[in-house]
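Undergrad: Sharing a structure with you now.
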Amino acid sequence: QVQLVESGGGLVQAGGSLRLSCVASGSIFSRLFMGWYRQAPGKQRELVASITRGGTTNYADSVKGRFTISRDNAKTTVYLQMNSLKAEDTAVYYCNASVGLTNYWGQGTQVTVSS
């Protein structure tokens, strides 16, 4: 099984930056398709960014140009660098990993952007 632990959330003013980290346990990290999701109050969980095991990335239109997803296979860690944060980015952010048809989720980390 794979365990995911997120960190790096917090309170930041609009225009500021945060970097989220997700550390994956297990020995199959190099085979995992990784993604960051977020869920704001009253809204469905949405995919923010994803990265394949080969490093190909994809982003939601709302975060393109502001967020960057990356992975360090040696550290079994995925990052989400968030710049130029807006109030609309406020949500609980979840790390997700998938291999085949199996999905794993982290516990979530709160990001709050104030103005």
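Undergrad: Give the residue that is least open to solvent (accessible area, probe 1.4 Å), with candidates limited to residues of segment 90-107 that are among the hydroxyl-bearing types (S, T, Y) and either out of contact with any strand residue (DSSP E or B) (no Cβ under 6 Å at 6 or more places or on another chain) or in contact (Cβ under 8 Å) with a residue 60 or more places away in the chain (or both). Write out each step before concluding.
TA: Restricting attention to segment 90-107, the residues satisfying the condition of being among the hydroxyl-bearing types (S, T, Y) are 90, 93-94, 98, 102, 104.
Narrowing the set further to residues that are either out of contact with any strand residue (DSSP E or B) (no Cβ under 6 Å at 6 or more places or on another chain) or in contact (Cβ under 8 Å) with a residue 60 or more places away in the chain (or both) leaves 93-94, 98, 102, 104.
On the way: Y93: 0, Y94: 40, S98: 24, T102: 65, Y104: 47 Å².
Of everything passing the filter in segment 90-107, Y93 is least open to solvent (accessible area, probe 1.4 Å).
Undergrad: Moving on to the next point. Restricting to segment 77-89, count the residues that are more than 25 Å from S27 (Cα to Cα) and open to solvent by less than 40 Å² (accessible area, probe 1.4 Å).
TA: Residues in segment 77-89 being more than 25 Å from S27 (Cα to Cα) and open to solvent by less than 40 Å² (accessible area, probe 1.4 Å): 3 in total.
Undergrad: Given the condition among the acidic types (D, E) and either exposed (fewer than 13 other Cβ atoms within 10 Å of the Cβ) or in contact with a Lys or Arg (Cβ under 9 Å, 6 or more places away or on another chain) (or both), answer yes or no: does some residue in segment 55-76 qualify?
TA: Start the filter on segment 55-76 by keeping residues that are among the acidic types (D, E), which leaves 61, 72.
Add one more test, that the residue is either exposed (fewer than 13 other Cβ atoms within 10 Å of the Cβ) or in contact with a Lys or Arg (Cβ under 9 Å, 6 or more places away or on another chain) (or both), and what stays is 61, 72.
Checking segment 55-76: at least one residue is among the acidic types (D, E) and either exposed (fewer than 13 other Cβ atoms within 10 Å of the Cβ) or in contact with a Lys or Arg (Cβ under 9 Å, 6 or more places away or on another chain) (or both).
Undergrad: Mind listing whichever residues of segment 1-29 are open to solvent by 70 Å² or more (accessible area, probe 1.4 Å) and either farther than 20 Å from Q110 by Cβ or of a type in the set (F, W, Y) (or both)?
TA: Q1, S27 - these are the residues of segment 1-29 that are open to solvent by 70 Å² or more (accessible area, probe 1.4 Å) and either farther than 20 Å from Q110 by Cβ or of a type in the set (F, W, Y) (or both).
Undergrad: Still on this structure: Within segment 1-55, can you find the residues that are out of contact with any Phe, Trp or Tyr (no Cβ under 7 Å at 6 or more places or on another chain), at pLDDT below 95 and charged (D, E, K, R)?
TA: Hit for segment 1-55 is R31, nothing else.
Undergrad: Follow-up question, since we're still on this one. Can you work out which of the residues in segment 1-19 that are part of a loop (DSSP other than H, G, I, E, B) and polar (S, T, N, Q) is farthest from K86 (Cα to Cα)?
TA: Residues of segment 1-19 part of a loop (DSSP other than H, G, I, E, B): 1-3, 8-9, 14-17.
Of the ones still in play, those that are also polar (S, T, N, Q) are 1, 3, 17.
Details: Q1: 35, Q3: 30, S17: 10 Å.
This residue is Q1.
The values are calculated or read from the model by the stated rules, or taken from the named source; none is laboratory data. These figures come from a predicted structure and were not determined experimentally. Ideal geometry is used to build each Cβ from the backbone, glycine not excepted, and the neighbour counts take in all protein chains shown. Surface areas here come from the heavy atoms of the whole protein model, side chains and all, with no ligands, DNA or RNA. Shrake-Rupley method; radii C 1.70, N 1.55, O 1.52, S 1.80 Å.
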